[in-house]
Structures are given as C-alpha cells and as structure tokens.
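Following: one structure in structure tokens, then a few remarks.
The values are calculated or read from the model by the stated rules, or taken from the named source; none is laboratory data. Source: prediction; values computed, not measured. Positions of Cβ are generated from backbone atoms using ideal geometry, with glycine treated the same way; all protein chains shown enter the neighbour counts.
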C-alpha cells in the first residue's frame, strides 16, 4: 500500500520528521493543533461536502433573495412551520449564519493551507531537485540495469531535452519537472479567494432598482425615480449617475405563422432615448441586450398594457386621467388593473380586466386569446365607498380593498360590468359620472443595476479556470538515476495518477544501456 | 431577429423516428455487450467469441450514433436553432454526445468493458425522453435567444458526458473492491486501473463544469441582471461543482482514495441526474425550460 500512494509522501512536512513530543496541554499547543486540523486536506474535504449539503435546503424552500413572493405564500399556507423554518434561517440560506460559517471556515482552511505552500513552492523553484531516497526500489517506478562503471551522460541529455530541472551530485542524477502543476494549483486557490472577496465587496457596493415605465414617460435616475431601490450596504444613493431615460415605444412580436407555436413570444423591444451629460441618444433594449451606460445597466424584465383612462364627474370635470399599469395574468396577456378615484365628489374605485384580443370561455366569461392588440376590450367593476388612502389603507396601486365598499357595477350588483372598446365613453352608475377608454399604451418593467466589482469577479473566475486547467493537465515528476559499482538504478515518483511514469523510466534505462553497450 | 422563424413539424417527426431507430440499435447493442461481458466473466478476458461480440456491440453503437446524429441534426433544422432548448432536446443531444465521446475515447483509453453501461444509460435516457419529455418544435423565448445558449449548454452536456463515463468506471470499482466477488466482475480490469481512468475522465468533466458555471454566470448577468442569484439550477450547479471539488481533494487524501473517492463520483453524478430531472420538473426557478 505504501508504494501505491506516493503523493502523500511527496512533500514530507518538517513536523512529521521531528521527534514526537510529550503531550503539552498549554493553550498555545492546543491552538496549534486546532490550526493544523483546520488547514488539513481532510478538513477541507469535509467542509466541501458540508457546504454542498448546506446548499440543498435553499433549493427546496423559497428564498427571500430569489423568490420573495414564494416566502410570503409559504407563510400564508404553513404559518406554524414557516415560523420555525425562519428561526433556522431556512428562507435566507445563503446569507444564514450557518451557511456563512461553513464557507468562511473553508476559506480560512484554504488560506492556511495555501499560504505556506507558496513559500515551499518558491523554494522548490529556485533550488535543486532533492536527493534520492535511500531505497530507490521502493518507489512506484523502478528499473535496475546491470552495468559496471556506466556513463550516465545519455540520462542527463534525456532530461535536458525534455526541459527537466537537473542536478548531478556525485553518482546521482536528480531531475524534476512539472512545477506548473503546483503553480496552477496555487493560482486556482488564490483566485477563488479573489472571487469571494470580489463577490462580497460587490454585494456592498452595488445597487439594483426597478421602475415601470409607460410609453412616453421619463425615468430620472435618483432615489425618487425608482419604484423599488435596494442599494448595497456601502452604496450612497447620492452617487447614482445622473441620467434620464424615456420609453419612446414598446413593441412585441408573437408567432402567428406556426400552428404548433401559435402566440409564443418571439421578440420584445423597448425603444428608448436617454440623456447623459447633456447628450441625448437613442437605444434599443431587448431581453439579453441591456443598455449599458457608465455606472448603470438597464434591463428589460417585463411588459404589459396600460389602458389610458379618463373619468369625469356629472358636471364634466376630470377627476382621473392617465394610463394605468395593468398586471398580466396569463400568457395571452389577460391583464388586471385598479383605478382609484379619490378626487370624485363620491369616492369610488374600479377593478378592471383588460383583454388585448377578447374571446369567450365556455362559461361565458371573457378571456384573452392572443397576447397582442387585435380586438381589445376593457371590462370594469365599480365599487363605491371610502378608499381609505389617508389611513394608509389601499396604498398598493395594484390592489383595491373592497371590504368597506359597495359594488355598483359588475358581479352580483345587478348592473352589468362596464365594457369599453378604445375610443368609447360610457356613463357610470350611481351618478358617478362617465368613464372614457382613450386608448392603450404599453409599459416596460426595467431593472437598473450596477456592480463595480463585476469585472473583478469575472477576472478572478477566469484565473480560477486557468489555474485549474494548468494544474490538472501538468504532471509533476521526479526522477533519480543512481550509479553503483556494478549497476545503475532509475526510479521515479509522481504527484498524481501519472500513467506515463513507467514509460519514462524505461526510456531512461534504455538510453543508458544503449550508450554503455 | 426571430420574427420570421418557420418551424418544420414534419421534419421534427422524421427526426423523432430516427432517434427511435437509434434507440432500437442501442438496445440491441446493449444486449450483445451484456452477453459479451458474461462470456468474458465465464471464459476469461481473452475469450475470442466474447471479444467478437464486444466488437459487434461497439460497431452497433457506432451505427446507432450515426443515425442518432442525423436525428439530432434534423431536429435542429426543424426548429431552426440549436437542438437543446427543452428537456426532450437536451436528452437526445446529451445522449448523442455521451455515446460519441465514449466511442471516440475507446480509441485512446482501455474502456471498452463499460460499453454495456453506456449503451444501457443511453437507452434509458432516450426512452424516457421519448415517452415523458416529448414536445413539438417550438421557437425560442426571448430570454433564450442568445449565443450563450450555444456555449453554456453544449459545454454542460460535454461535461456531463465525461462525468458519466467516470461514474460508470467508479461503479465497477466499488463493486470490485466490495466483499462479495461476483463472477461478472472478472471481466473488468484491476481497481488501480479503474481508479486512474475514472480520475482522468472526472478532471476533464470538472474543467468543463467549471466553465459551464462561469459561462452561466456571464449569461445570467446579461439576461437576468445579476451574475449569480441562487436560482435553484444555480444552486445545484454549485452543489455538483462542490462535490467534485471534494472528490479531487479525496484523491490526494490518505484514507479517501479508491473506494471513498469512487463513492463521491457516484454522488456527484447522481446530483447531475437530479439536477436534470427533479430540479427541472419540480423545483421553482428561472431555468424553466423543460417545455412541459
């Protein structure tokens, strides 16, 4: 067994050769013992497996970072269980104390292991290959040739031709090759630390925000311009790059040619114009094609319809006017929106469905049968009563809390829901006035993000891969040729599973035999 | 860019027939190869008729892979894009790459004895793809319309192929170093050799997997406005990477080489299969491209 596993004996640590000391139970020795344990390969192995296992629950339970709505839903469906899961940070696995503890220990172990190896490797690079072990025949590859007073020059030539580092000491040739293996290994591990630091710093220095923009609207890049903004711990929102961006036009393409693929989205395009440092430019933002400007990237993440609605009271005074963002409910863009009219003499609200291409279900209910505008219809249910905007109730623009309100149109109210095609005006019931459906605009959901460390993460990731490739394809070999009075011994040792080792030893032996015939 | 896509359902049906043809040939190859293995176990590795059977089996696999290739190619032409945008396509392309890489590797490495495993695995994959995952050709959703689809997914498939071969070798290693000495195990080489070979396939797989992970992050930064967000698929790609990293450490850790490292190889490959099946079908996430 001992000869089967040369790699373990390859770099013999100095400590192993020191005489075993009597147990010394001081704090210092305990700490040293602990450190040695932590930086050992076996610990790294266990920590890696632990990290893999610890990552699993984050794919089973919804995570606040990736799926916040899923977490809310989980709490609603299993309130008791959710409370306990939350106590163990199972909705925030990747920022949890236990997950962090594992990867931090892993990285401490990595640094503790790699740092001393850099010194050792440097020494190996500048010094001669080490002396041959006393008993060469115990090495994994070994050949003995019976030649008296042999000439070893062909072996030296053989090594030099193949760019081995060679030292001749007395009757012994020492050769070594493949230092790049350890260089690659160190580059890999150091770059991993680089990735971790860059990711960590990036998390503190970045920001990301969302904004829904209707055609014709302009977004200004400051805190007030966002619907939601989540800056990193160290990002000052005063440092947002001053620019403005107008959504000129949003267009879509859906498939109508292929029956099997009918109504599938083919393309989304947001035509925008943006002003940066006094200069205005046009740009096209698509999925997979964000707009990049200094210190900000603007992504297209969603879209939908915004019916343009005007409400007038009985005297003809405008009490509400403008496009309203409707949220898509299905792939054919059946959309749901809420219109609140707090400025009317009698407060009321409307919950409306918008169908870009209206069709009827078997039940008689409307649905959209195609996601683009072919035969649009707006259908509104009207509710009268206090909206409660002042009390902080009903502040979500996409929700109408109808609890304390009375339905006067649609549903079971006895009056039909108000149905409008673009351009139509209809009277509202209950003396509420009239509503006009002026037309349909489109909206785009934009994500604006910036991470100054992104490039560094990429650089370190590429270095990691480079180190990995170098390390895994370079074999490291040590060979020794030893001359005695009557024979020549050739032996070799490799750091990894090296299939060519035996062949090299035979070749060296053959070269020596040939010369000494 | 994709507003004028014209799909070809007839060609897709033809492609499906070709893939089923390949499936049939692989099934026959599997039977012949199993027969060859049992013969080797009974009458020694040098047995002439056993070796002839092995040759026939491998030849059948080669014939199957040709037809399989045309099947994959026509699927791509029918859909007017790379044939790996949903689970069915990923399965047929993946199984093609696995077989192709394996057959090419038999010329360089002594791994003919795992042909039974490879053909059996491929039969399972194509069979379930055809019955469970089949979908008609569809266009690409805007999020997938990017050249990274070509790079990221093809390298992931390639990595999976190498991991698969390493896992087959590791499985034999575990059986061979177990207490019960099945007669069939005589048909395989020594544990040390299996260990070295498995290691060589695993390291290539690991390099490709690392690349997949980085390429995925670059693409995610373009399509999803962040390079990493612990999406379920990202989580499992990370888990797989970590398991194989542990494997690499195991191969140089005393007490962990050999059998224990082989177990890690199997755990890693199981995680890959889990990532492709359970995560695709039942876990919520952004990689919802199964098409089902």
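With the structure loaded, tell me whether residue B:169 is under 20 Å from the mean Cα position of the chain (by Cα) and more than 9 Å from chain A (Cβ to nearest Cβ) or whether it fails that test.
Numbers: under 20 Å from the mean Cα position of the chain (by Cα): yes; more than 9 Å from chain A (Cβ to nearest Cβ): yes.
Yes.
Just for segment B:116-154: of the residues that are more than 12 Å from the chain's Cα centre (by Cα), part of a helix (DSSP H, G or I) and more than 14 Å from chain A (Cβ to nearest Cβ), which one is surrounded by the fewest Cβ atoms within 10 Å (Cβ to Cβ)? Walk me through how you get there before you give the answer.
First pass over segment B:116-154, keeping only residues more than 12 Å from the chain's Cα centre (by Cα): B:116, B:127-153.
Filter once more, so that each one left must be part of a helix (DSSP H, G or I): B:116, B:127-132, B:142-144, B:147-153.
From what's left, more than 14 Å from chain A (Cβ to nearest Cβ): B:116, B:127-132, B:153.
Working: B:116: 23, B:127: 16, B:128: 14, B:129: 21, B:130: 16, B:131: 8, B:132: 13, B:153: 23.
Among those that are more than 12 Å from the chain's Cα centre (by Cα), part of a helix (DSSP H, G or I) and more than 14 Å from chain A (Cβ to nearest Cβ), it is B:131.
What's the total number of residues in segment B:99-113 that are surrounded by fewer than 24 Cβ atoms within 10 Å (Cβ to Cβ) and assigned to a helix (DSSP H, G or I)?
Filtering segment B:99-113 for residues surrounded by fewer than 24 Cβ atoms within 10 Å (Cβ to Cβ) gives B:100-101, B:103-113.
Going one step further and asking which of them are assigned to a helix (DSSP H, G or I), we end up with B:100-101, B:103-106, B:112-113.
Of the residues in segment B:99-113, 8 are surrounded by fewer than 24 Cβ atoms within 10 Å (Cβ to Cβ) and assigned to a helix (DSSP H, G or I).
Going by the structure shown, is residue A:298 modelled with pLDDT of 95 or more, over 30 Å from the mean Cα position of the chain (by Cα) and surrounded by 13 or more Cβ atoms within 10 Å (Cβ to Cβ)? Break it down stepwise before answering.
Numbers: modelled with pLDDT of 95 or more: yes; over 30 Å from the mean Cα position of the chain (by Cα): no; surrounded by 13 or more Cβ atoms within 10 Å (Cβ to Cβ): yes.
Against the criterion (modelled with pLDDT of 95 or more, over 30 Å from the mean Cα position of the chain (by Cα) and surrounded by 13 or more Cβ atoms within 10 Å (Cβ to Cβ)), residue A:298 does not qualify.
Residues are listed down the side, and each one gets a yes or a no for (1) touching a residue at least 60 places away in the same chain (Cβ under 8 Å); (2) part of a helix (DSSP H, G or I); (3) surrounded by 17 or more Cβ atoms within 10 Å (Cβ to Cβ); (4) within 14 Å of another protein chain (Cβ to nearest Cβ):
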| site | (1), (2), (3), (4) |
| --- | --- |
| B:5 | yes, no, yes, yes |
| B:12 | yes, yes, yes, yes |
| B:19 | yes, yes, yes, no |
| B:30 | yes, yes, yes, no |
| B:39 | no, yes, yes, no |
| B:49 | no, yes, no, no |
| B:67 | no, yes, yes, no |
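Here's a check for you: in segment B:203-228, which residue that is farther than 18 Å from residue B:154 by Cβ and touching a residue at least 40 places away in the same chain (Cβ under 8 Å) is farthest from the other protein chains (Cβ to nearest Cβ)?
Residues of segment B:203-228 farther than 18 Å from residue B:154 by Cβ: B:203, B:221, B:224-228.
Narrowing the set further to residues that are touching a residue at least 40 places away in the same chain (Cβ under 8 Å) leaves B:203, B:224.
Values: B:203: 4, B:224: 8 Å.
Across segment B:203-228, the extreme among qualifying residues is B:224.
What is the number of the single condition among (1) crowded, with 23+ Cβ neighbours inside 10 Å; (2) touching a strand residue (DSSP E or B) at 6+ places or on another chain (Cβ under 7 Å) that residue A:451 does not meet?
(2)
Out of all the residues in segment A:479-488, is one or more modelled with pLDDT of 90 or more, surrounded by fewer than 20 Cβ atoms within 10 Å (Cβ to Cβ), over 30 Å from residue B:197 (Cβ atoms) and not assigned by TED's automatic domain parsing to the domain that holds residue A:348? Give the derivation first.
Restricting attention to segment A:479-488, the residues satisfying the condition of being modelled with pLDDT of 90 or more are A:479-481.
Among the residues that remain, those that are also surrounded by fewer than 20 Cβ atoms within 10 Å (Cβ to Cβ) are: none.
No, because not a single residue in segment A:479-488 is modelled with pLDDT of 90 or more, surrounded by fewer than 20 Cβ atoms within 10 Å (Cβ to Cβ), over 30 Å from residue B:197 (Cβ atoms) and not assigned by TED's automatic domain parsing to the domain that holds residue A:348.
Being closer than 30 Å to residue B:128 by Cβ, modelled with pLDDT of 95 or more and in contact with a helix residue (DSSP H, G or I) (Cβ under 8 Å, 6 or more places away or on another chain) is the requirement here; does residue B:41 meet it?
Details: closer than 30 Å to residue B:128 by Cβ: yes; modelled with pLDDT of 95 or more: no; in contact with a helix residue (DSSP H, G or I) (Cβ under 8 Å, 6 or more places away or on another chain): yes.
So residue B:41 does not fit the description; no.
Within segment A:282-295, can you find the residues that are assigned to a strand (DSSP E or B) and crowded, with 20+ Cβ neighbours inside 10 Å?
A:285, A:291, listed by residue number.
Hey, which of the strands (runs of 3 or more DSSP E) in segment A:407-471, taking only ones fully inside, have at least 3 residues that are closer than 28 Å to residue A:303 by Cβ and within 14 Å of another protein chain (Cβ to nearest Cβ)?
Working: elements: A:418-420, A:425-428, A:433-450.
Correct list: A:433-450.
Conditions: (1) out of contact with any helix residue (DSSP H, G or I) (no Cβ under 8 Å at 6 or more places or on another chain); (2) in a loop (DSSP other than H, G, I, E, B); (3) within 14 Å of chain B (Cβ to nearest Cβ). Residue A:486 meets all but one. Number of the miss?
(3)
Within segment A:301-342, can you find the residues that are within 14 Å of chain B (Cβ to nearest Cβ) and over 25 Å from the mean Cα position of the chain (by Cα)?
A:331
Among what's in segment B:275-287 and is within 13 Å of chain A (Cβ to nearest Cβ) and buried (at least 16 other Cβ atoms within 10 Å of the Cβ), pick the residue that is modelled with the lowest pLDDT.
B:287
Yes/no per residue for (1) under 17 Å from the mean Cα position of the chain (by Cα); (2) in a helix (DSSP H, G or I); (3) more than 19 Å from residue A:466 (Cα to Cα):
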| residue | (1), (2), (3) |
| --- | --- |
| B:196 | no, yes, yes |
| B:202 | yes, yes, no |
| B:208 | yes, yes, no |
| B:214 | no, yes, no |
| B:219 | no, yes, yes |
| B:237 | yes, yes, yes |
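If I filter segment A:198-222 down to residues being surrounded by fewer than 18 Cβ atoms within 10 Å (Cβ to Cβ) and either within 11 Å of chain B (Cβ to nearest Cβ) or free of Cβ contacts under 8 Å to residues at least 12 places away in the same chain (or both), which single residue comes out as farthest from residue A:295 (Cα to Cα)?
Among those residues, the one meeting the criterion is A:200.
Just name the residue that is modelled with the lowest pLDDT out of those in segment B:247-262 that are surrounded by fewer than 22 Cβ atoms within 10 Å (Cβ to Cβ), over 14 Å from residue A:48 (Cβ atoms) and more than 7 Å from chain A (Cβ to nearest Cβ).
B:255
Kindly provide the set of residues from segment A:257-281 that are within 14 Å of chain B (Cβ to nearest Cβ), surrounded by fewer than 17 Cβ atoms within 10 Å (Cβ to Cβ) and farther than 14 Å from residue B:140 by Cα, ordered by number.
The answer is A:257, A:259.
Restricting to segment A:375-397, what's the tally of residues that are in contact with a strand residue (DSSP E or B) (Cβ under 9 Å, 6 or more places away or on another chain) and either assigned to a loop (DSSP other than H, G, I, E, B) or more than 23 Å from residue A:305 (Cα to Cα) (or both)?
Restricting attention to segment A:375-397, the residues satisfying the condition of being in contact with a strand residue (DSSP E or B) (Cβ under 9 Å, 6 or more places away or on another chain) are A:375-385, A:387, A:389, A:394, A:396-397.
Now drop any that are not either assigned to a loop (DSSP other than H, G, I, E, B) or more than 23 Å from residue A:305 (Cα to Cα) (or both), which leaves A:376, A:384-385, A:387, A:389, A:394, A:396-397.
Count: 8.
Going by the conditions given, is residue A:133 within 25 Å of residue A:493 (Cβ to Cβ) and within 14 Å of chain B (Cβ to nearest Cβ)? Working first, answer last.
Values: within 25 Å of residue A:493 (Cβ to Cβ): yes; within 14 Å of chain B (Cβ to nearest Cβ): no.
Considered against the rule, which asks whether it is within 25 Å of residue A:493 (Cβ to Cβ) and within 14 Å of chain B (Cβ to nearest Cβ), residue A:133 comes out as no.
If you go through segment A:358-374 one residue at a time, how many are part of a strand (DSSP E or B) and either loosely packed, with under 10 Cβ neighbours inside 10 Å or more than 42 Å from the chain's Cα centre (by Cα) (or both)? If you could, list the steps in order and put the result at the bottom.
First, pick out the residues of segment A:358-374 that are part of a strand (DSSP E or B): A:358-360, A:366-368.
Imposing the further condition that a residue be either loosely packed, with under 10 Cβ neighbours inside 10 Å or more than 42 Å from the chain's Cα centre (by Cα) (or both) reduces the set to A:360.
Total meeting the criteria: 1.
Give, as residue ranges, the strands (runs of 3 or more DSSP E) completely inside segment A:128-233 that count at least 2 residues that are closer than 24 Å to residue A:516 by Cβ. Working first, answer last.
On the way: elements: A:141-145, A:165-169, A:172-177, A:207-214, A:218-220, A:228-231.
Qualifying strands (runs of 3 or more DSSP E): A:141-145, A:165-169, A:172-177.
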